[in-house]
């Protein structure tokens, strides 16, 4: 802190003269150690995190900061939501580091103002205390490994908090196993056979898995019969499949039907040949 170095210099004669610590440090730490934290899970987690941090500061003979963070931990143990450190209370020689800390605090406060303390109390408490650790170490400015460690732990905690808050990714549309389904018909018929009805159900299932893209339903005939008759028959077959798909749950506005008569036979034959594989409706998915 801006005044921590002054306190430390004032305390030096006390330490040299045999005083074990900065006045009040051991008292707060001992009280925090033996306390039974109350309140929300978040403040209880904060008290534990601040105790560990304050103890580490005491172990490094940083009496004032140990006292300061032990007091924050004790307040948290009593159920008080203590805020992260105010940067105006600290002094930083590294201006870029100060700017990074300001950005980090904004990020932390946003998490604290969300439901993170309730949803992820331990992780959010870790983020706050590691931020305070980063601030304190950056203020001292010489223990570069400790600065890096506090910063790393803070960022890891924040990344985890923010990742958990993101809405679950929607499953990607499932591409059907094939982009073309074939529904076959009896000679000179536009009525679905039992086997054709099963295929229509498979098409509907695939359409649902693909989030109902626009499907094209195309009817065909074999090469027997006249061109005009076959064009009408192919359209009837396409309409029969379209209506069956609608009945199976596929939205009508996702379907278009057309007839192509004798064109584009699945099995090339001479004109007039009855070929069962050419009496069909093709259902095409986009892509």
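The values are calculated or read from the model by the stated rules, or taken from the named source; none is laboratory data. Since the structure is predicted, the reported quantities are computational estimates derived from the model, not experimental observations. Virtual Cβ from ideal backbone geometry, glycine too; neighbours counted across all protein chains shown.
Data table
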read-out	value
Index of the failed condition, residue 93 passing every other in (1) modelled with pLDDT under 90; (2) surrounded by fewer than 16 Cβ atoms within 10 Å (Cβ to Cβ); (3) over 19 Å from residue 127 (Cβ atoms)	(1)
Subset tally (residues that are under 33 Å from the mean Cα position of the chain (by Cα) and buried (at least 22 other Cβ atoms within 10 Å of the Cβ)) for the stretch 209-248	1
Residue match in the stretch 54-65 (condition: within 21 Å of residue 158 (Cα to Cα), assigned by TED's automatic domain parsing to the domain that holds residue 156 and outside any loop (DSSP other than H, G, I, E, B))	no
Check on residue 165, at pLDDT below 90 and either crowded, with 16+ Cβ neighbours inside 10 Å or in contact with a helix residue (DSSP H, G or I) (Cβ under 8 Å, 6 or more places away or on another chain) (or both)	yes
Lone qualifier among 101, 87, 155 - being modelled with pLDDT of 90 or more, surrounded by 12 or more Cβ atoms within 10 Å (Cβ to Cβ) and either within 22 Å of the chain's Cα centre (by Cα) or not assigned by TED's automatic domain parsing to the domain that holds residue 67 (or both)	155
Verdict on residue 251 being touching a strand residue (DSSP E or B) at 6+ places or on another chain (Cβ under 9 Å), surrounded by fewer than 20 Cβ atoms within 10 Å (Cβ to Cβ) and assigned by TED's automatic domain parsing to the domain that holds residue 190	no
Residue count for the stretch 183-208, restricted to those that are over 13 Å from residue 245 (Cβ atoms) and either buried (at least 17 other Cβ atoms within 10 Å of the Cβ) or modelled with pLDDT under 90 (or both)	4
Options 67, 63; residue that is modelled with pLDDT under 90 and in contact with a helix residue (DSSP H, G or I) (Cβ under 6 Å, 6 or more places away or on another chain)	63
Odd one out for residue 176 among (1) under 31 Å from the mean Cα position of the chain (by Cα); (2) modelled with pLDDT of 90 or more; (3) under 29 Å from residue 248 (Cβ atoms)	(2)
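Results for (1) in contact with a helix residue (DSSP H, G or I) (Cβ under 6 Å, 6 or more places away or on another chain); (2) not in a loop (DSSP other than H, G, I, E, B), shown as yes or no for each residue.
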| residue | (1), (2) |
| --- | --- |
| 243 | no, yes |
| 253 | no, yes |
| 263 | no, no |
| 271 | no, no |
| 283 | yes, yes |
